[in-house]
1. Name the one entry in Lys60, Lys70 that is modelled with pLDDT of 85 or more, assigned to a helix (DSSP H, G or I) and of a type outside the set (A, V, I, L, M, F, W, C).
2. Scan the stretch 56-102 for residues that are surrounded by 15 or more Cβ atoms within 10 Å (Cβ to Cβ), out of contact with any helix residue (DSSP H, G or I) (no Cβ under 8 Å at 6 or more places or on another chain) and farther than 30 Å from Glu46 by Cα and report the count.
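The values are calculated or read from the model by the stated rules, or taken from the named source; none is laboratory data. Being a predicted model, the structure only gives us computed values, none of them experimental. Counting neighbours? That spans all protein chains shown, and the Cβs are built from the backbone with ideal geometry, glycine included.
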Amino acid sequence: MLSLAIGLPIVCLIPWKMNGLFEYLTGSLNELCFSMLKEKKTAIMEKEDNHFDVLSLLIKSNNFSDEAIKDQLLTLLAAGHETTASSLTWACYLLTKHPEIQAKLREEITEALPEDLNNDRAVDLAGILEQLPYLNGIMYETLRLYPTVIVYITQ
């Protein structure tokens, strides 16, 4: 139900008792996400964080506002992890079945990324990865073969 309220703001206009609960829960989730973001930023600033996780990458890229990062965290917390995990699992499976494609992909990624990702300069990692045609082709083909969400439209 919460994902419905987050995904469809018009639901909040329906006069029912759940609106108060939705408001409370979304407020709590927003606070949780901003708290996680603040803690991670502090750890990064104090050089106590050398993890390679999604939140660290979003912060270190300097391409996203706190609000945008919070929205990404909400997506991952509320619903976005399952489809992403499924897609990546299928992509890994397909790459193990086709080692020649895996080698070509590894070469493309290695050539595109800076040698030292852990230094202090901002790296637009998302921008770099979006520009890799072979990587994008592999992901599109994975989603074609193993769609995470199947939609049937009837008239």
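1. Answer to the check: Lys70.
2. 1
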